[in-house]
Amino acid sequence: MKGSPVPTGEGSPGASVATSTSPGLRPPTRRGTELVMLAFAAGIVTLALILVELNQERSLSLRILWLGLAYLGLFACAHLAVRRWAPYADPAILPCVALLNGLGLVVIHRIDLALEGAPSADGTTVWDPVAFKQVIWTAIGLVLFAATLKFLSDHRTLARFGYTFGLIGLVALMLPGVLPGFIAPEINGAKIWLRIGPLSIQPGEFAKVLLMVFFAAFLVSKRDLFTIAGRRFLGMDLPRARDLGPLFAAWGVAVAVMVLQKDLGSSLLFFGIVLVLLYVATERAAWVVLGIGLFSGGAIIAWKLFTHVQQRVANWQDPIGRYDVFGGGYQISQSLFGLATGGIGGAGLGAGRPEMIPERNTDFIAAVIGEELGFVGLAAVLLIYMVLALRGLRGAISVRDSFGKLLGGGLAFALCFQVFIIVGGVTNLIPMTGITAPFLSYGGSSLLANYILIALLLRISAAARAPQKAPKPKPQQPAIADQHTVMVERPK
């Protein structure tokens, strides 16, 4: 029957699609739906930019026009790239990213206006607006986004280079912790940056994507090894001791990042991704329980031995008691004061005091949103992240090959978990870390890495939704009864 699924193996060319479709019956690409949602996102961003200027009692300037036109042009090009190279990709992913990126641009522009004319620490007035820099980083990120879609026609190609990506990702993750300070400076208590001339990059942002590709490829090839049960304890089938090597290796890397780089956020994000991929691959909760126990034990040991971990925990336990301009609780206290000022409805876009919050463009941008848009606005932003992650998970579930399922699930979870870590730190739910909010915060490394991540999610969703070419029918041999009878004379 037309449109009925065609069973295919994982290694077959059509293994990454869900259904087969005859040449005359193709599913809709939904690119028109994507374009409408992009226009809606552009309308919200434009209205937000106007509100910022009006609440600052300014006349509408050419600055807004340039920001708005640059935003529209960039995402129009991104839409054309998806339409050309991934026509069957999920139509909701790119509009969610565009809305988050646009809202981040609005908030960064609002912070620029708040800092205009404000004196610096030495008493001089130095104004360095970064909104246009964010537009430039967005443009570079979208170039990488389009290049990924163009040159990666099949996500399963990545599995061939899994071990190479794993090695590069591991080196990138550990590099800032082992290099000297003039190359890898310590900023805000963490060594996560590399300084190359006038540029600074954060290799850990790219390492998370590379390591997810490695673990997805590794777990697909060694899945049987991790599903073999060992002893049963408290109703759980624990893995065999000989199979715990990769888990201990991931734990060791996470603890090393925590100690060498003084970065709790990257350590937690990396180990959380490993645990989720293990659980998705094996469907056994024992791996998660063991992993949480290992990480908790490593964190307690690090807290006992290292002063910077003790300081982070003390700031988390009593930020107000440690409130001091030069003390550890100043940043989180100012964040909590901003959120309290915003309340439910917020002070209004452009009517708050974001200049009072430290690291407002990066680590604490969620506190700025909470102050000016209130709990309602911050919850709406979190809902956009949730929709983005759910659409990514939907593509991962629909794709037919195991590597695509693991990789897509890991990428979608990484977005969710990163948002949890940063918002949890800003609201003092967990100790504060140096992770930035994807697409909202200012920063080049985060934007570039996350646009590559989104391109991979779109590639996987396109493979899940694309029509499968029906196999060529094999010529049928007629039945013996239908064969022509030929009379042959016996030779005399």
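Couple of notes before you dig in:
- Neighbours by Cβ (under 9 Å, 6+ apart or cross-chain): first from region 73-86, without any contact (Cβ under 8 Å) to a residue 60 or more places away in the chain and more than 18 Å from residue 40 (Cα to Cα); second small (Gly, Ala, Ser) and loosely packed, with under 14 Cβ neighbours inside 10 Å: none
- Selection from region 436-464 of residues that are at pLDDT below 90 and assigned to a helix (DSSP H, G or I): 444
- Hey, residue 323 among the aromatic types (Phe, Trp, Tyr) and either closer than 27 Å to residue 202 by Cα or crowded, with 19+ Cβ neighbours inside 10 Å (or both) or not: no
- Filtered by the rule that a residue be at pLDDT below 85, closer than 17 Å to residue 264 by Cα and part of a loop (DSSP other than H, G, I, E, B), region 186-206 gives 186, 188, 189, 191, 192, 193.
- Residues in region 438-468 that are closer than 26 Å to residue 201 by Cα and of a type in the set (Ser, Thr, Tyr): 441, 442, 445, 446, 451.
- Flag if residue 280 is within 23 Å of residue 172 (Cα to Cα) and among the aliphatic types (A, V, I, L, M): no
- The one condition in (1) modelled with pLDDT of 85 or more; (2) more than 18 Å from the chain's Cα centre (by Cα); (3) among the β-branched types (Val, Ile, Thr) that residue 178 fails to fulfil: (1)
- Flag for residue 368 being among the aliphatic types (A, V, I, L, M) and in contact with a Pro (Cβ under 9 Å, 6 or more places away or on another chain): yes
- Restricting 276, 309 to those that are within 26 Å of residue 161 (Cα to Cα) and either of a type outside the set (A, V, I, L, M) or at pLDDT 75 or above (or both) reduces the list to 276.
- Test for residue 171: is it loosely packed, with under 14 Cβ neighbours inside 10 Å, assigned to a helix (DSSP H, G or I) and at pLDDT below 95: yes
The values are calculated or read from the model by the stated rules, or taken from the named source; none is laboratory data. Since the structure is predicted, the reported quantities are computational estimates derived from the model, not experimental observations. Counting neighbours? That spans all protein chains shown, and the Cβs are built from the backbone with ideal geometry, glycine included.
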